[in-house]
Every structure is written in C-alpha cells, then in structure tokens.
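Undergrad: Below you'll find the structure I mean.
Derivation of every value follows stated rules applied to the coordinates shown; laboratory data play no part. All figures in this text were calculated on a predicted structure; none of them were measured in a lab. Using ideal geometry, Cβ is built from the backbone for each residue, glycine included, and neighbour counts are taken over all protein chains shown.
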Amino acid sequence: MRSEVIRVRLQPEEREALAVLCGEDRTASDVIRLLFRDQAGLPLPVGSSEADALRDTNEELRRIGINLNQAVREVVGSRSSVSAD
C-alpha cells in the first residue's frame, strides 16, 4: 500500500522531460516510481498479462528441465550397462 507522499520541485525542462516520459498512458507518479525502483535495484511491477506470460514461460522451462533430467538418466543408465558388460 502506498502511504508516503513526497513533494519534488522540478525545473521547467525537467517537468517537460517527465511529461514526455509519461506520454498519454502514465501518471508522473507511475514514471517516477518506475525510475526509482530501477535505480534502487528493486523489482519492477509486473502487470497481469506479463505475469501470465511469465507463468507460461516458467511452466515451459519446468517441462524442459524434466525432459533434460530424463535424457541424462537414460545416458547415465546406458553407460552403466555398457560398462558392466
């Protein structure tokens, strides 16, 4: 929950640059928070569509990992049976 308020004074050219960064779809607060979080090394917020895409990617990576583990077990198992002969 956002509870802290900070007031900042900007020079006219800084305010113009902030307005350009905001564009049509972001507030000044949104842009300032994003810039701050990026500079502070904090995780950037993720929207619902990005979160869904990340979940899908994580699932794909999990499946790849399972397949890789199965392939390695098969290779190790075949080497063991060849060595035993």
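Undergrad: When you scan region 1-21, how many residues do you find that are exposed (fewer than 10 other Cβ atoms within 10 Å of the Cβ) and either more than 26 Å from the chain's Cα centre (by Cα) or not aliphatic (A, V, I, L, M) (or both)?
TA: Number of matching residues: 11.
Undergrad: So, one more: If you go through region 1-59 one residue at a time, how many are in a helix (DSSP H, G or I) and of a type in the set (S, T, N, Q)?
TA: Residues flagged as in a helix (DSSP H, G or I) and of a type in the set (S, T, N, Q) within region 1-59 amount to 6.
Undergrad: How many residues are surrounded by 10 or more Cβ atoms within 10 Å (Cβ to Cβ), of a type in the set (A, V, I, L, M, F, W, C) and under 30 Å from Arg9 (Cα atoms) if we restrict to region 22-80?
TA: Total satisfying the criteria: 9.
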